[in-house]
Amino acid sequence: MEQEPRRTRTSEAFFGRRRGKAIRPYQADALETGLARLGIDLGVAAPADLRTMFEAEVSKVRLEIGFGGGEHLRHLAANNPGDGFIGIEPFVNGMAKMAAALHEKPLANIRLYDEDATQLLDWLPEASLDGIDLLYPDPWRKKKHWKRRFVSPVNLDRFARVLKAGAKFRFASDIDTYVNWTLQHCRAHPAFDWQAADAADWHTPYEGWTRTRYEAKAIRENRTPAYLTFIRV
């Protein structure tokens, strides 16, 4: 069996394994054709206006980092056809599910990237995004692994660079330590302002929210989701 190229330390710091169980043949075909059509090539300079990357005519461009099986991203794209969405998912099985779903029900306002999110963030033009979603990221539960959490001063600097003034960074998690971690890091960063008046605000799902299988499992296991919103000031 051919081995995957060794990942860089940057990649290893933010996500774990790249593959799960073997994907089905139709998913493999959808993955190949889907990435050929919708995948983003960082070897080409980013367009000054990201709206031109999409088959559909869009007025805004939003990013979701780590979309899992893609349920939330597809829901957003289907219900907001005037917005363009870039989805990042390095886990092959998740990207394969997304590609298969888009093969069955195409959406012209989605683009995909299947590698390290930091590489795409560094490729994007300054002040080019209207929003970033980081939903249920790997919490790296052990304290010795907390340095691998995606929310960090260096990645918040990346977010600040690519987000437009007034754009939202949304973070959802069912892991208390990661919620507290994110609050502390974002409130310490001068570019982000937490939007919450009381606890009900951050325990209320976002407008138009669709519950993923992961979130349903978390609730069944009595873990309370938190939905944080920060404005790029």
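The values are calculated or read from the model by the stated rules, or taken from the named source; none is laboratory data. For clarity, every value in this text was computed on a predicted model and none was experimentally measured. No Cβ is skipped: glycine too gets one built from the backbone with ideal geometry, and neighbour counts run over all protein chains shown. Accessible surface is based on the protein model in full, side chains and every heavy atom, while ligands, DNA and RNA are left aside. Shrake-Rupley method; radii C 1.70, N 1.55, O 1.52, S 1.80 Å.
Figures for the structure shown
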{"read-out": "Unique match (being modelled with pLDDT of 95 or more, in contact with a strand residue (DSSP E or B) (Cβ under 9 Å, 6 or more places away or on another chain), in a strand (DSSP E or B) and farther than 16 Å from A226 by Cα) among L134, L156, L112", "value": "L112"}
{"read-out": "Any hit, segment 161-175, residues being part of a loop (DSSP other than H, G, I, E, B) and either open to solvent by less than 60 Å² (accessible area, probe 1.4 Å) or charged (D, E, K, R) (or both)", "value": "yes"}
{"read-out": "Condition met for G68 (under 22 Å from E215 (Cβ atoms) and either outside any helix (DSSP H, G or I) or among the polar types (S, T, N, Q) (or both))", "value": "yes"}
{"read-out": "Enumeration of residues in segment 79-129 that are in contact (Cβ under 8 Å) with a residue 40 or more places away in the chain, open to solvent by less than 30 Å² (accessible area, probe 1.4 Å) and of a type in the set (D, E)", "value": "D83, D116"}
{"read-out": "Total residues in segment 115-131, condition more than 12 Å from the chain's Cα centre (by Cα) and assigned to a strand (DSSP E or B)", "value": "2"}
{"read-out": "Odd one out for Y26, checked against (1) modelled with pLDDT of 95 or more; (2) open to solvent by 50 Å² or more (accessible area, probe 1.4 Å); (3) part of a helix (DSSP H, G or I); (4) not basic (K, R)", "value": "(1)"}
{"read-out": "Filter result (closer than 17 Å to I88 by Cα and without any contact (Cβ under 8 Å) to a residue 40 or more places away in the chain) within segment 33-50", "value": "A36, R37, D41, G43"}
{"read-out": "Exclusive hit being in a loop (DSSP other than H, G, I, E, B), more than 17 Å from the chain's Cα centre (by Cα), at pLDDT 95 or above and of a type outside the set (F, W, Y), set A36, A48", "value": "A48"}
{"read-out": "So L134, is it among the hydrophobic types (A, V, I, L, M, F, W, C), in contact with a helix residue (DSSP H, G or I) (Cβ under 6 Å, 6 or more places away or on another chain) and closer than 29 Å to E32 by Cβ", "value": "no"}
{"read-out": "Where H145 falls short, out of the listed (1) surrounded by fewer than 12 Cβ atoms within 10 Å (Cβ to Cβ); (2) without any contact (Cβ under 8 Å) to a residue 24 or more places away in the chain; (3) not in a loop (DSSP other than H, G, I, E, B)", "value": "(1)"}
{"read-out": "Residues of segment 195-211 satisfying the condition of being surrounded by 13 or more Cβ atoms within 10 Å (Cβ to Cβ) and at positive phi", "value": "none"}
{"read-out": "Some residue of segment 193-201 being out of contact with any strand residue (DSSP E or B) (no Cβ under 8 Å at 6 or more places or on another chain) and modelled with pLDDT of 95 or more", "value": "no"}
{"read-out": "Failed item, numbered, when E2 is tested on (1) at pLDDT 95 or above; (2) surrounded by fewer than 20 Cβ atoms within 10 Å (Cβ to Cβ)", "value": "(1)"}
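To keep it simple, each residue is scored yes or no on (1) in contact with a Gly (Cβ under 8 Å, 6 or more places away or on another chain); (2) among the aromatic types (F, W, Y); (3) surrounded by 12 or more Cβ atoms within 10 Å (Cβ to Cβ).
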{"position": "P153", "(1), (2), (3)": "no, no, no"}
{"position": "L183", "(1), (2), (3)": "no, no, yes"}
{"position": "R213", "(1), (2), (3)": "yes, no, no"}
{"position": "K217", "(1), (2), (3)": "no, no, no"}
